[in-house]
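Reviewing the structure listed below.
The values are calculated or read from the model by the stated rules, or taken from the named source; none is laboratory data. This one's a predicted model, so the numbers in the text were calculated from it and none came from an experiment. No Cβ is skipped: glycine too gets one built from the backbone with ideal geometry, and neighbour counts run over all protein chains shown.
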Amino acid sequence: MPTLALTLVVITHNEAHTIARCLDSVPFAAEKLVVDSGSDDDTVAIARAHGARVVHQDWLGFGAQRNFATGQCHHDWILALDADEYLSPSLAAEMAQRLPALMEGPAAAAWLRRNTIYMGRPMRWYRPSVGEKLARLYHRGRARWSDARVHESLQFQGSAPTFDAPLHHVNNPTLPHKQLKVLRYAELKCRDWLEKGKPVRMWQAPFVYVLAFVKDYVFRLAMLDGWRGFLIAQTAASYALYKRMRYYEMRHNPGSVAEAEAILKHHRIDR
C-alpha cells in the first residue's frame, strides 16, 4: 500500500498491550507519531519498534494534549487514533483509495464510523457503540481540538465526508479498567466545572441517574444487547451521578482536589 503525506497521531500512557495493533493498522501513513505522557511500561519501546516517532509531553488534559500533538506533526493532514482503536482492513483500504482526492480538496476534516468491542464481543444494538461518527481525520490548518480536559471534540467549519468502513474500538478490557476510567474522567470534568464556577445542584442527582439510565438502556437500545447492555447503561448512569457528587465535594472540601489527584495518578487510564 503506497504511503500518503499524512501523520497518524496517538497519545499514550501505559498502552503496551494495544499500541502495536493501532500503529500497524495504518500502513499508508508516511509518519506515525506517539505523544507519550510518562509510560512506565513498554509503550515507548514498542511504538518505536513499530515505526513511530515518540515525543514526551507531561499530561495537559485531552484537548490540550491533542493540540500539542498536532503541532509536532510533519504533515498537515492528521489521523488521530486512541491506542485502543485500530482501522479495520476494509477501512484502511478505503482510506488509501479516497484520501488522495480528499487531501487535495478544501475539506477541513472527515468522519469515521466507530464500532465498539465490549467484554470481548462487538456490541450489536447500543447506538453509541455501533457506527458512532467521530471526526478524527483533519487538516491542522482548518481544524483544532477543544481545550476541554476530557470529552474533547474536533472543531471545524463546513461539511465533511464520511468513510463507510468501520474503525474498531476495544472498550475497557475489564470492568476495573472501566471503573478507574470513570473516576478519572469525572475528576477531569469536575475540574472544568470548578474553573467555570458551575453552580452545585445536588437536587438534580436522583433524576440525573434515572434519566441517564433510561436514555441509554431504552432509547439508545442497550437493552437489546442483553446483560452487557444493562452494564453499559448502569455505568453511564453511575458516571452521570458520580460527577455531581464529586463536584459537590470539591466545592465543599477544596483540599480533596489535590488529594484525589495524588491517588488517581497511580491508577491512570486515559482511554
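Values for this structure:
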item	result
Every pair of residues 6+ apart whose Cβ atoms lie under 6 Å, when the first sits in segment 227-242 and is in the same structural domain as Ala212 (by TED's automatic domain parsing) and without any contact (Cβ under 8 Å) to a residue 24 or more places away in the chain while the second is crowded, with 16+ Cβ neighbours inside 10 Å and not acidic (Asp, Glu)	Ala233/Phe213; Ala233/Tyr217; Ala233/Ala222
Which numbered condition Ser88 fails, given (1) free of Cβ contacts under 8 Å to residues at least 60 places away in the same chain; (2) surrounded by 14 or more Cβ atoms within 10 Å (Cβ to Cβ); (3) in contact with a Pro (Cβ under 9 Å, 6 or more places away or on another chain)	(1)
Pair list, Cβ < 8 Å and 6+ apart or interchain, from segment 202-217 residues that are touching a residue at least 12 places away in the same chain (Cβ under 8 Å) to residues that are among the β-branched types (Val, Ile, Thr) and part of a helix (DSSP H, G or I)	Asp216/Ile232
Single match in Ala160, Ala110 (criterion: without any contact (Cβ under 8 Å) to a residue 60 or more places away in the chain, buried (at least 16 other Cβ atoms within 10 Å of the Cβ) and in contact with a helix residue (DSSP H, G or I) (Cβ under 9 Å, 6 or more places away or on another chain))	Ala110
Residue among Lys198, Lys178, Lys133 that is within 14 Å of the chain's Cα centre (by Cα), without any contact (Cβ under 8 Å) to a residue 60 or more places away in the chain and outside any helix (DSSP H, G or I)	Lys133
Any hit, segment 171-179, residues being modelled with pLDDT of 95 or more, surrounded by fewer than 16 Cβ atoms within 10 Å (Cβ to Cβ), more than 26 Å from Asn67 (Cβ to Cβ) and not aliphatic (A, V, I, L, M)	no
Residue in segment 114-130 that is modelled with the lowest pLDDT, counting only those that are in a loop (DSSP other than H, G, I, E, B) and not aliphatic (A, V, I, L, M)	Gly120
Selection status of Gly51, touching a helix residue (DSSP H, G or I) at 6+ places or on another chain (Cβ under 9 Å), among the small types (Gly, Ala, Ser) and over 27 Å from Asp192 (Cβ atoms)	yes
Qualifying residue in segment 227-240 (condition: buried (at least 16 other Cβ atoms within 10 Å of the Cβ) and over 21 Å from the mean Cα position of the chain (by Cα))	no
Filter result for Glu249 (over 25 Å from the mean Cα position of the chain (by Cα) and either of a type in the set (D, E, K, R) or not in a loop (DSSP other than H, G, I, E, B) (or both))	yes
Filter pass, Val182 being of a type in the set (A, V, I, L, M), closer than 16 Å to Met245 by Cα and crowded, with 18+ Cβ neighbours inside 10 Å	yes
Helices (runs of 4 or more DSSP H) (entirely within segment 27-108) containing at least 3 residues that are at pLDDT 95 or above and over 20 Å from the mean Cα position of the chain (by Cα)	43-49, 89-104
